[in-house]
1. If packing is taken as the average count of other Cβ atoms within 10 Å, what order do 336-342, 152-158, 400-406 fall into, highest mean first?
2. Take 319, 333, 226 and order them by how many other Cβ atoms sit within 10 Å, fewest up front.
3. Please list, in order, the residues from the range 329-353 whose amide nitrogen is less than 20 Å from a point placed 7 Å along the Cα→Cβ vector of residue 443.
4. Report, in degrees rounded to the nearest 10, the 0 to 90 angle that the Cα long axis of helix 285-295 makes with the longest principal axis of the chain.
5. Relative contact order for the chain using alpha-carbon pairs under 8 Å, separation at least 6, rounded to a whole percent?
6. How high is the FRET efficiency from residue 207 to residue 246, r the C-beta distance, R0 25 Å, rounded to 0.05?
7. Using the Kirkwood formula on the Cα atoms of the range 253-447, what hydrodynamic radius do you get, in angstrom to one decimal?
8. Mind checking the full-extension length gain between residue 188 and residue 82? Use 0.36 nm per residue of separation minus the Cα-Cα distance, one decimal, nm.
Ligand SMILES: [Zn+2]
């Protein structure tokens, strides 16, 4: 989608707060464009999920804007700052800018003059860090020095510590779910009645943050990501991916419906394999589209139409015998089963695999061989094409024939041959397609339609 770089440029160069109404309007217009002003058949949440997690990878512009704001947390964590505007932002603050994301005091106690760049970032961060479990309360990075909630520790001279960073973090003062003993934190010659008193003040403040057993000393992946110095490459995309995954945990809604329809619980791990294979199933956009439409239950089956319009017939249009559910139309119908049985027999003969006919193999690409091997095999191409013919015969009594399948596979093979020839990988093409070419030459005519002799 080429509008994404245009938005990202603005989000990154002007990282100010944007009203949620703006994103709601943007989303409405995007959906109108994608669905041509009709009712969406796939939820926005499923469309914006990552493709490896069962989505379509549609950019979630509000989360991209949030990721652009959260880049500032990384800017603030660099020592010395790499961005020229960070010292300017520091001038608006009462505390070191590095501590800013990990402070829990009200914003008025942190910022001395309003700033259009800092305030929206902090507000968004405070909302999302807990709701998306990006950080915890208290965070291991919570400042104990330069924390307005602990006024006695507002300077480096609070305790004569040998500090590594620009401020004292909560994690450095904790060990075994308790504040570290004073003898562990200070050299023996530095322990005086005054430092002992200050140590007591410090432990009292730590206890006010919550039960010591609940205080984490290890950073969350998101905290590590934002504080890594130097900054990791492609940080905006990584932050966006983390936000997206955290905002859509678990499986997409359609996975549960498939589990119910098929009658077997496909494990989360197997769904992961299904999504990974779906994202790389074919170079053909048409076949990819068919696969995603199938996975996301885009097609309107007789039972679904019957739910919308009660006057329509809910039985299968082919056999007129059973309700036309998703599984029936694609797999269980007696008229489509003979097609699938022939497809499995030929694929097993050509590839040497011993795959039992199953909807999980034929429709979901859930095969008992390593995913990477399967993705580069002939079998995935053949199953893809076999499946893509079913929507072509939608609402027709006759199912696809093996001859039509052979012709459609030939179309894909020719495109694959052109692709591999252009990238000078003809050997790879030959390894994948050799046995198909052999089958086409030797036996494909057995499946050609019989010509009916004309009676004069
Ligand atoms: Zn049927």
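Each reported figure results from applying straightforward, stated rules to the coordinates on display, with no laboratory input. This is a predicted model, so every value here is computed, not measured. Cβ coordinates were reconstructed from backbone atoms using ideal geometry, including for glycine residues, and neighbour counts include every protein chain displayed.
1. Going by the mean number of other Cβ atoms within 10 Å, highest first, we get 400-406, 336-342, 152-158.
2. Going from least to most buried by this count: 319, 333, 226.
3. Flagged as within label range: 337-353.
4. Taking Cα atoms only, the helix is inclined about 80 degrees.
5. 13 percent
6. Efficiency for this residue pair is about 0.25.
7. About 17.7 Å for the range 253-447.
8. My answer for the length gained is 34.3 nm.
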